[in-house]
1. Just tell me which lysines come within less than 23 Å, Cα to Cα, of Lys62; anything on the same chain fewer than 8 places away is out.
2. To make sure I understand, if each residue's beta carbon is the centre and we count other beta carbons within 10 Å, what order do Ser84, Ser78 fall in, fewest to most?
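Each value in this text was obtained by applying a stated rule to the coordinates, not by laboratory testing. Keep in mind that this is a model prediction, so the values were computed, not measured. All Cβ positions, glycine included, derive from the backbone under ideal geometry; neighbour counts span all protein chains shown.
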Amino acid sequence: MENAKQSRGQQMERDSSGRLHRQGVPILINPDFFRKNGAGQVDIAIFDPANGERLIKIYEVKSSRYPSHKQIARLKKSAIILSSLFGISTQIFLLRRYWDKGSFIYKEHLIH
């Protein structure tokens, strides 16, 4: 059962990253970098130059539950680190998958 959940989550993250990477410039971050700085691992991050604004979007991909308060706190720390490194604003989104009319749709929810 655990492998099925892990595979479903990994598949969702792969599907989401392909779609999101086309919307901006992917930012690849070694998870050890954040761990060493007491921050949380980032599922997907993109630089989004839409509407003339410079913005980094961090996505937490979840197939079932909402992230815990501790996980959100770690993601906020990750956002602070990225903002300071790049000198631009960062937003954190929860990306959830929903079944709608015979297929899955993805919805973004702003966390911070």
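1. Lys5, Lys70, Lys76, Lys77, Lys101, Lys107
2. With the fewest neighbours first, Ser84, Ser78 line up as Ser84, Ser78.
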